[in-house]
Each structure stands twice: as C-alpha cells, then as structure tokens.
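Asker: Have a look at the structure that comes next, please.
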Amino acid sequence: MNIITQPISEIIGQQIINQDDKSILEIDREKIINLFKEYGVLLFRGFNADTEIFRDFSNLFSTDFLDYAGGAFNRRVIDNDQTILSVNDFQTEIKLHGEMYYQKNIPLMLWFFCANPASQHGETTVCDGRHFFAELSNSTKELFSRKKLKFTVRMNKEQWLIKYKIDDVNQLREMCKNHDTHLTIYEDESVLLEYICPVVVPSKCGNYKVFINSLLPSIQLSPDVLRFDDDSQIPDELMGELNGIADKITTDICWNQGDLLMIDNTRIMHGRKAFTDETREIYIRLCSPAFQF
Ligand SMILES: [Fe+2]
C-alpha cells in the first residue's frame, strides 16, 4: 500500500492520507512506527474509520491500555470497552498538557478518534514539547531546573473512592505508594494528596529537553492545586510567558469524521479549543507503544 504523507502543519507532525480507498488496517506497520518515532504525532485521514476500526488499528501498535483511574475529568466508556473513552466532559478550552502528568504513572502513548466533529470549533491542539522548551527564556529554563511542580488535592472519602476506582483506604495507601504520592488520611477518611514532578523532562533518547506537564490547564482550571515544590506561588508573569509561547507554536487539528490521531505522550502536548456543539464526539485511548520506543 502506497502511503501518502504531508506535514500536519509547518511545524509539527505528519498526516497519512488515504488515496486509493484502502483499509487503514493494510498500512505498512513498520513505516508508521518509523514516522511516529520521528514526528511524535500522526494524523490518519480519509480511511472511513469507525469505532471498531479505531480499536483494531490502535491495538496493532499499542499495549497496556489504561482505564483512566485517577484521571482529572469524567469520561464516558464507549461500547462497554473500558479502554475507549469519550473526552467530552465539558465544553470549555483545555490548554496544552501531557496526559495525566499530575501523577507518576502516565500513558506513554495516546490515540484520539473523531466519531463526530463539532459543527464549528472544538479543534484538538498539539505542540511539540521540545519546541516549547527551546522557546523558553533563559531565566525560565533556569527556574525550571531548580523548581518542580507540586500538586495538592483534598478529597472526601466518596470522591477518592470514585476517582481511583477502589474500595478502601488500604488500596488508596498502596496506590499512593506506587505513584510516589504523599498521602495524609484524616479521621473522617478525607485525604490530602501531594505529588511532585518536574516541569521539563529529558526526551526518551536523552538528547533533548522536553517541556511537558499539566501546568497550563491546572492553573487555568484549578489554580489552588498547584504550587512550586518550595510552596511558592507560580507567578502571573511566568504564566504570561508560557501562554504566549503556546499561542505562537500550537497547531490546531480541525477534525474530519473518522480521523485518527496517534500521539507520543512523552513529547507532544495536546489540548482542545472550546465548542458549543453537543454532538461533538472525540474518543481517547491511553496506552503504551507495543514496539521498541
Ligand atoms: Fe488530555
């Protein structure tokens, strides 16, 4: 099968476009893996994919699917498959982030599928974290080499039972231990969780630094949960610099029905634009690559 590719935008990714009405399942797997390793984000367009094809195609490249336990948003399970989730919890903008970077065990790879695009707006956004790091001022690079992010979340018992999909406090203790999360349990079994992580991480190959984290949407949606690890506030001027870079180097993916998006969650940040069309349906799968990575 002949693959026709072109950049997603001038600065990021590749799109693989169906020319001869072929099934996406016939694509040369090795070619896709090589493109994914080089670009970090691939858009598959024109393959007339449905939810079943989305599942089968992503299964060819992925393993260790997660059920989003501990996730920040409400996500609806699609077709009784706990590994296919709708992302439309609410309709406002979500700024650039690495998926689940507010906890230790992140999915290394993401898939998105457009079951139905919004009639207008609702684009998914992408940005290369290497590029983002390169755009930071020297003083901000220096700041991020000294300070980490600290997420602090308070929850009552009902909230943590639902959020982590567990049954008791011992499971919560075990989970926090595995996730390097500091846990304080109060008499009424309400809890305080504290998790510290870097703003900038080394790339998989070790040759680059990558700005990838949950900083932008956390400050946008729940600013109280986030401080630096020395408990200092994250300054407004810093957020101004970061949001300015995001505006400059973010690419919008304008969805077509049946599009698939494959993302390296160790390098490529994503987000989405606001929308009002309630029929927008974008699905996500959280997983790891089933190939050397
Ligand atoms: Fe996300």
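The values are calculated or read from the model by the stated rules, or taken from the named source; none is laboratory data. Given the structure is predicted, the values throughout are model-derived calculations rather than measurements. Glycine gets a Cβ as well: all are built from the backbone with ideal geometry, and neighbour counts include every protein chain shown. Only protein heavy atoms, including side chains, enter the accessible area calculation; ligands, DNA and RNA are left aside. Shrake-Rupley method; radii C 1.70, N 1.55, O 1.52, S 1.80 Å.
Asker: Tell me, please, whether a residue that is under 30 Å from I53 (Cβ atoms) and surrounded by 18 or more Cβ atoms within 10 Å (Cβ to Cβ) can be found in the stretch 196-212.
Answerer: Step one: list which residues in the stretch 196-212 are under 30 Å from I53 (Cβ atoms), which gives 204, 212.
Now restrict to residues that are surrounded by 18 or more Cβ atoms within 10 Å (Cβ to Cβ): 212.
Yes, there is a match, as at least one residue in the stretch 196-212 is under 30 Å from I53 (Cβ atoms) and surrounded by 18 or more Cβ atoms within 10 Å (Cβ to Cβ).
Asker: Find the residue count for the stretch 114-166, including only residues that are of a type in the set (G, A, S), open to solvent by less than 30 Å² (accessible area, probe 1.4 Å) and on the phi < 0 side of the Ramachandran plot. Outline the logic, then answer.
Answerer: Of all residues in the stretch 114-166, those of a type in the set (G, A, S) come to 115, 118-119, 122, 129, 134, 137, 139, 145.
Narrowing the set further to residues that are open to solvent by less than 30 Å² (accessible area, probe 1.4 Å) leaves 115, 118, 122, 129.
Restricting the remaining residues to those that are on the phi < 0 side of the Ramachandran plot gives 115, 118, 129.
Residues in the stretch 114-166 being of a type in the set (G, A, S), open to solvent by less than 30 Å² (accessible area, probe 1.4 Å) and on the phi < 0 side of the Ramachandran plot: 3 in total.
Asker: Give the residues of the stretch 213-246 that are exposed (fewer than 12 other Cβ atoms within 10 Å of the Cβ) and either assigned to a helix (DSSP H, G or I) or within 16 Å of the ligand (Cβ to nearest atom) (or both), sorted by residue number.
Answerer: Filtering the stretch 213-246 for residues exposed (fewer than 12 other Cβ atoms within 10 Å of the Cβ) gives 224, 230-233, 235-237, 240, 244.
Within the stretch 213-246, D224, D236, E237, G240, G244 meet the criteria.
Asker: In this structure, is D89 over 26 Å from P202 (Cα atoms) and not aliphatic (A, V, I, L, M)?
Answerer: Details: over 26 Å from P202 (Cα atoms): yes; not aliphatic (A, V, I, L, M): yes.
Yes; evaluated as a whole, the condition is true for this residue.
Asker: Here's another thing I want to ask about it. Can you tell which of A72, A49 is open to solvent by 30 Å² or more (accessible area, probe 1.4 Å), among the hydrophobic types (A, V, I, L, M, F, W, C) and more than 30 Å from N207 (Cβ to Cβ)?
Answerer: Values: A49 fails: open to solvent by 30 Å² or more (accessible area, probe 1.4 Å).
Step by step, each of A72, A49 is checked, and only A72 is open to solvent by 30 Å² or more (accessible area, probe 1.4 Å), among the hydrophobic types (A, V, I, L, M, F, W, C) and more than 30 Å from N207 (Cβ to Cβ).
Asker: Exactly one of (1) touching a strand residue (DSSP E or B) at 6+ places or on another chain (Cβ under 6 Å); (2) closer than 24 Å to I33 by Cβ; (3) within 15 Å of the ligand (Cβ to nearest atom); (4) not charged (D, E, K, R) is unmet by P289. Its number?
Answerer: (3)
Asker: On to the next question. Would you mind stating whether L183 is open to solvent by 10 Å² or more (accessible area, probe 1.4 Å) and either among the β-branched types (V, I, T) or part of a strand (DSSP E or B) (or both)? Can you show your working first?
Answerer: Values: open to solvent by 10 Å² or more (accessible area, probe 1.4 Å): yes; either among the β-branched types (V, I, T) or part of a strand (DSSP E or B) (or both): yes.
The answer is yes for L183.
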